[in-house]
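Enquirer: This is the structure I have questions about; it appears just below.
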Amino acid sequence: MKILNRRQRVILGIIFSIIFLAAVCIFGSLGTEAARVTDFSRKNLAPCAEYIFGTDWLGRDMLVRTLKGLSISIFIGIAAAAFSAAVALVLGIASATMGKTVDAVISFIIDLIMGVPHILLLILISVALGKGLKGVVIGVALTHWASLARLIRAEVIQLRESPYIQIAAKLGKSKWYIARKHMIPHLLPQFLVGLVLLFPHAILHESSVTFLGFGLSTEQPAIGIVLSESMKYLVTGKWWLALFPGILLVATVMVFYVLGESMRKLLDPGSAHE
Amino acid sequence: MNRRWYIFILKNLIRIVLLTVCISIVTFALMKASPIDPLQANVGQAALGSMSQEQKEKLEEYWGVNTPPVQQYLSWAGDFVRGDMGTSLLYRQPVTKVIAVKLSNSLMLLAIAWILSGILGFALGVISGMNRGRLADKLIKGYCLIISSTPAFWLALLLLMIFSVWLHIFPIGLSVPIGVEASGVTLADRIYHAVLPALTLSITGVSNIALHTREKMIDIMESDYVLFARMRGEKGWRLFRYYGFRNVLLPAVTLQFASISEIFGGSVLVEQVFSYPGLGQAAVAAGLGSDLPLLMAITIVSALIVFGGNLTANILYGLIDPRIRRGGAEK
């Protein structure tokens with residue numbers, strides 16, 4: 001028996017995702033102080049009713065630390081998404097309006113960014129900016145636009161050949177007019193979906209780079225740092241230090257994926273009415 | 001194979017050379033921008049502190065601190081092409097040698113993971129695409145969603161926790177047993193140590209390939225010729241073998257070669273967790289230890305590997321798809 005139809009279920013999923021993410025952000029932002037408090041009377045506690053995630057070797061509450069780290073990750077994701085959105089849109093429109101030479105240059109730059117393995121690029125930028133959280137944030141923000149731009153560019157190239165755009169051009173509309181009135185409305189749904197699906201990548205890369213030891217800072221326990229610290233205590237059997245923060249990280253990333261896919265289902269005319 | 005096909009390959013080659021040059025320029029610029037003092041990095045803080053001003057100036061001249069960046073770049077690039085990549089500050093050895101050793105360690109890991117994830121991902125994607133909406137599809141989709149949300153390093157940690165710490169089946173790290181001479185290390189030892197890292201890399205690599213193959217397979221299954229074949233009663237393996245296989249192979253090849261970059265990125269993390277002395281770990285060590293010559297060389301070598309993969313994919317395209325081979329490559 002199905003009480004809700006597919007569309008309603010998808011909307012419900014979106015609402016739950018947003019509530020989950022908002023909760024992580026809010027609790028993470030509130031817990032800045034609590035994440036740093038050390039209390040040796042409660043160190044190395046296995047998960048129990050009071051500390052569901054347990055505590056680490058300095059008596060810090062792992063739940064608070066994890067939430068704090070994840071909220072930092074989400075904020076970095078927002079920064080990366082904002083920057084990528086701007087770049088991808090500008091480049092996409094440029095390759096739509098400015099002809100083949102510009103288009104060739106743009107695809108060359110995209111290939112350039114994609115040519116170096118992503119993690120390595122992040123390491124390079126982090127070193128260039130003198131390690132530290134700033135380097136990680138800027139690095140993640142600067143490197144994620146390429147995939148979105150490639151998506152938009154492919155779509156623009158397809159659109160350029162479509163009859164209604166060609167007719168508009170034949171009618172004497174300017175390229176700028178066509179881009180504004182015909183292309184952007186068509187691209188917007190895909191653009192939004194691409195933007196949301198950018199978050200998982202940004203968060204995974206951010207956590208990976210901080211895990212490797214770049215952007216180390218004691219005040220800002222990024223999720224990667226929390227996990228890399230727990231690695232040292234893994235062999236002594238403190239499994240909860242790595243398990244629970246990791247599960248929450250996976251959950252956050254997954255929520256973004258679900259969010260993106262749900263949005264795609266709603267916005268795509270082919271599946272919007274199923 | 002006609003002339004246009006060769007021109008197509010040639011164009012690709014020129015593009016790769018151009019891209020590599022650009023990457024080297026960007027890398028060099030980034031390293032120039034870093035706040036690391038070349039004198040301090042090469043000589044060491046303590047030695048630098050005890051030197052007189054004159055000595056420092058001599059050293060600056062020797063290391064070329066004051067020559068213009070363009071000239072610095074040209075001399076570095078010139079040496080690089082001739083095979084002199086400089087001296088690694090961390091390992092106190094020529095960079096070429098460090099990379100050769102590390103790469104040979106990594107290569108086995110990368111190759112196993114690449115092949116395994118490619119075949120598994122392809123198979124899962126095809127199964128899931130052909131059974132769209134059924135249980136198998138849902139299971140595979142769910143698995144892929146979970147895996148692609150899981151950071152590679154955390155998966156490595158989990159496997160390490162389960163197999164090494166609890167079950168003691170596999171070693172905790174390194175590529176060879178501890179306390180054994182280099183000559184005493186057997187191939188079996190190496191494989192034994194590579195199992196867990198390779199497994200982690202394969203698991204993470206599968207999801208992306210499977211999901212994309214699934215999309216393509218669904219497109220194919222919805223096409224008219226498959227509908228017609230189904231109408232005639234074709235199904236299962238025969239349907240896949242004679243109608244789906246060649247069509248889905250093309251995007252799969254692109255995916256497989258495009259995944260090199262991702263596998264390499266994953267190996268950086270996995271090698272770090274398993275302390276596996278490969279190229280990825282060297283990159284992290286170089287980054288953390290401000291070993292700029294090594295870092296630049298690794299960047300360029302990895303970029304060459306990625307571009308080589310893309311080129312191979314383009315060539316294979318021609319072999320698989322007769323339309324491209326006969327000159328349809330240019331749209």
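Enquirer: Hey, can you tell me all the residues within the range B:249-269 that are surrounded by 23 or more Cβ atoms within 10 Å (Cβ to Cβ) and over 11 Å from the mean Cα position of the chain (by Cα)?
Expert: Result: B:Gln256, B:Leu269.
Enquirer: On to the next question. Kindly evaluate B:Ile320 against the criterion of being surrounded by fewer than 17 Cβ atoms within 10 Å (Cβ to Cβ) and either in contact with a Lys or Arg (Cβ under 8 Å, 6 or more places away or on another chain) or closer than 30 Å to B:Lys32 by Cβ (or both). Before the answer, list the steps.
Expert: Values: surrounded by fewer than 17 Cβ atoms within 10 Å (Cβ to Cβ): yes; either in contact with a Lys or Arg (Cβ under 8 Å, 6 or more places away or on another chain) or closer than 30 Å to B:Lys32 by Cβ (or both): yes.
So B:Ile320 fits the description; yes.
Enquirer: Determine whether B:Glu215 is surrounded by fewer than 17 Cβ atoms within 10 Å (Cβ to Cβ), more than 20 Å from the chain's Cα centre (by Cα) and at pLDDT 70 or above. Steps first, please.
Expert: On the way: surrounded by fewer than 17 Cβ atoms within 10 Å (Cβ to Cβ): yes; more than 20 Å from the chain's Cα centre (by Cα): yes; at pLDDT 70 or above: yes.
Yes; evaluated as a whole, the condition is true for this residue.
Enquirer: Spot the failing condition for A:Lys134; the list is (1) at pLDDT 80 or above; (2) surrounded by fewer than 15 Cβ atoms within 10 Å (Cβ to Cβ); (3) within 14 Å of chain B (Cβ to nearest Cβ), and only one is missed.
Expert: Going through the list (1) at pLDDT 80 or above; (2) surrounded by fewer than 15 Cβ atoms within 10 Å (Cβ to Cβ); (3) within 14 Å of chain B (Cβ to nearest Cβ), A:Lys134 breaks only (1).
Enquirer: Name every residue in the range A:102-130 that is over 12 Å from B:Leu30 (Cα atoms), at the interface with chain B (Cβ under 8 Å from one of its Cβ atoms) and not aliphatic (A, V, I, L, M), in order of residue number.
Expert: Result: A:Phe108, A:Asp111, A:Gly115, A:Pro117, A:His118.
Enquirer: Being within 12 Å of chain B (Cβ to nearest Cβ) and in contact with a Leu (Cβ under 9 Å, 6 or more places away or on another chain) is the filter; apply it to the range A:143-181 and report the residue that is most open to solvent (accessible area, probe 1.4 Å).
Expert: As a first pass, look at the range A:143-181 and keep what is within 12 Å of chain B (Cβ to nearest Cβ): A:143, A:146-147, A:150, A:157-158, A:161.
Right, trim to in contact with a Leu (Cβ under 9 Å, 6 or more places away or on another chain) and you get A:143, A:146-147.
Values: A:Thr143: 4, A:Ala146: 1, A:Ser147: 65 Å².
Looking at residues that are within 12 Å of chain B (Cβ to nearest Cβ) and in contact with a Leu (Cβ under 9 Å, 6 or more places away or on another chain), I get A:Ser147.
Enquirer: Which residues, counting only those in the range B:108-121, are at pLDDT 85 or above and open to solvent by 40 Å² or more (accessible area, probe 1.4 Å)?
Expert: Passing the criteria: B:Ala111, B:Ile112, B:Trp114, B:Ile115, B:Leu116, B:Ile119, B:Leu120.
Enquirer: Within the range B:270-283, can you find the residues that are open to solvent by less than 10 Å² (accessible area, probe 1.4 Å), touching a residue at least 60 places away in the same chain (Cβ under 8 Å) and within 9 Å of another protein chain (Cβ to nearest Cβ)? Break it down into steps so the answer makes sense when it comes.
Expert: So the first thing to find is which residues in the range B:270-283 are open to solvent by less than 10 Å² (accessible area, probe 1.4 Å), and the list is B:270-271, B:273-274, B:276, B:278-280, B:282-283.
Now drop any that are not touching a residue at least 60 places away in the same chain (Cβ under 8 Å), which leaves B:270-271, B:273-274, B:276, B:278-280, B:282.
Result: B:Val273, B:Gly280.
Enquirer: Here are the criteria: (1) open to solvent by less than 10 Å² (accessible area, probe 1.4 Å); (2) farther than 30 Å from A:Phe211 by Cα. Tell me which single one B:Lys235 does not satisfy.
Expert: Status for B:Lys235: all satisfied but (1).
Enquirer: Can you report the number of residues in the range B:124-165 which are small (Gly, Ala, Ser) and within 12 Å of chain A (Cβ to nearest Cβ)? Let's see the steps before the verdict.
Expert: Narrowing the range B:124-165 to residues small (Gly, Ala, Ser): B:125, B:128-129, B:133, B:136, B:142, B:148-149, B:152, B:156, B:164.
Subsequent filtering for residues that are within 12 Å of chain A (Cβ to nearest Cβ) retains B:133, B:142, B:148-149, B:152, B:156, B:164.
Within the range B:124-165, residues that are small (Gly, Ala, Ser) and within 12 Å of chain A (Cβ to nearest Cβ) number 7.
Enquirer: Quick check: is even one residue across the range A:184-201 in contact with a Gly (Cβ under 6 Å, 6 or more places away or on another chain), in a loop (DSSP other than H, G, I, E, B), within 14 Å of another protein chain (Cβ to nearest Cβ) and at pLDDT 80 or above? Outline the logic, then answer.
Expert: The first filter runs over the range A:184-201 and keeps only residues in contact with a Gly (Cβ under 6 Å, 6 or more places away or on another chain), leaving A:193, A:196-197, A:199.
Now restrict to residues that are in a loop (DSSP other than H, G, I, E, B): A:197.
With the extra rule that they be within 14 Å of another protein chain (Cβ to nearest Cβ), the set shrinks to A:197.
If we keep only those that are at pLDDT 80 or above as well, we get A:197.
Looking for residues that are in contact with a Gly (Cβ under 6 Å, 6 or more places away or on another chain), in a loop (DSSP other than H, G, I, E, B), within 14 Å of another protein chain (Cβ to nearest Cβ) and at pLDDT 80 or above, one finds at least one in the range A:184-201, hence yes.
Enquirer: Sort out which residues of the range B:288-311 are in a helix (DSSP H, G or I) and either within 21 Å of B:Gln72 (Cα to Cα) or aromatic (Phe, Trp, Tyr) (or both), and write them in order of number. Before you say what the answer is, go through the steps one by one.
Expert: Initially, the range B:288-311 is screened for residues in a helix (DSSP H, G or I), giving B:288, B:292-311.
Residues satisfying the conditions are B:Leu292, B:Pro293, B:Leu294, B:Leu295, B:Met296, B:Ala297, B:Ile298, B:Thr299, B:Ile300, B:Val301, B:Phe307.
The values are calculated or read from the model by the stated rules, or taken from the named source; none is laboratory data. Values in this document were obtained by computation on a predicted structure and should not be read as measured data. Methodologically, a virtual Cβ is constructed for each residue, glycine included, from the backbone with ideal geometry; neighbour enumeration extends over all protein chains shown. Quick note on the areas: whole protein, heavy atoms, side chains included, nothing else; ligands and nucleic acids left out. Shrake-Rupley method; radii C 1.70, N 1.55, O 1.52, S 1.80 Å.
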